[in-house]
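Novice: Questions regarding the structure given below will be posed in turn.
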Amino acid sequence: MLVPTLDLHLIQKYDKHNFHEEAYSMELLNKLIFHHHAEFFLITENNDIVGYLIYGIDHATRVCDIIRVCIFDKYRHQHYAYNNLYSLIHTEDKKQLTFTLNVKITNTSAHMLYYKLGFQDYGKLENYYRDGKDAICMYYRHTQDNSNQ
């Protein structure tokens, strides 16, 4: 279940624990709110926090950029990311949006998850991450073929 949160300190703490040198700073989290209209959600199950999700919607272009998806180690491979992303992209008020995201080229499990959800590759960003790794750019758009997945 996605639970909205405004506790950026909690998100930053989780981000630092999970992404180490790739973690978002408080400054960046605040910029995401003010410049990208980002929304922050805790992913919960039975009152346990199992991860978090950050996305921003540009209503003018009808694009929802999925900025960060994180499931904590002990909850991985239990379908939390799939189920919550599926619910997000199939929410009635978001069916007219195009969803975009970037995934580290070496993160094959995340890449496969996004393929399973119906995302497609559309590009690559070289040296996108601090460690010099490339990002694969992906998108999802509702069509008659994938709206009933």
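Novice: So in region 115-142, with the set limited to residues that are in a strand (DSSP E or B) and of a type in the set (Gly, Ala, Ser), which one is nearest to the chain's Cα centre (by Cα)?
Specialist: If we filter region 115-142 for residues that are in a strand (DSSP E or B), which is where we start, we get 120-125, 135-141.
Then keep just the ones that are of a type in the set (Gly, Ala, Ser); that gives 123, 135.
Working: 123: 17, 135: 14 Å.
The qualifying residue nearest to the chain's Cα centre (by Cα) is 135.
Novice: Turning to a different aspect of this structure: Of the residues 93, 15, which single one is assigned to a helix (DSSP H, G or I), under 25 Å from residue 139 (Cβ atoms) and free of Cβ contacts under 8 Å to residues at least 24 places away in the same chain?
Specialist: Values: 15 fails: free of Cβ contacts under 8 Å to residues at least 24 places away in the same chain.
Step by step, each of 93, 15 is checked, and only 93 is assigned to a helix (DSSP H, G or I), under 25 Å from residue 139 (Cβ atoms) and free of Cβ contacts under 8 Å to residues at least 24 places away in the same chain.
Residues are listed down the side, and each one gets a yes or a no for (1) of a type outside the set (Lys, Arg); (2) closer than 23 Å to residue 123 by Cα:
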residue: 13; (1), (2): no, no
residue: 32; (1), (2): yes, yes
residue: 45; (1), (2): yes, no
residue: 56; (1), (2): yes, yes
residue: 71; (1), (2): yes, no
residue: 74; (1), (2): no, no
residue: 79; (1), (2): yes, no
residue: 86; (1), (2): yes, yes
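Novice: Just wondering, is there one or more residues in region 102-114 that are part of a helix (DSSP H, G or I), aromatic (Phe, Trp, Tyr) and surrounded by fewer than 16 Cβ atoms within 10 Å (Cβ to Cβ)?
Specialist: Here is the first cut: in region 102-114, the residues part of a helix (DSSP H, G or I) are 108-114.
Those left that are additionally aromatic (Phe, Trp, Tyr): 114.
Next, from what is left, pick out any that are surrounded by fewer than 16 Cβ atoms within 10 Å (Cβ to Cβ): none.
No, every residue in region 102-114 fails to be part of a helix (DSSP H, G or I), aromatic (Phe, Trp, Tyr) and surrounded by fewer than 16 Cβ atoms within 10 Å (Cβ to Cβ).
Every number in this text was worked out from the coordinates using simple rules, so none of it is lab data. Everything numeric in this text was worked out from a predicted model, so none of it was measured. Glycine gets a Cβ as well: all are built from the backbone with ideal geometry, and neighbour counts include every protein chain shown.
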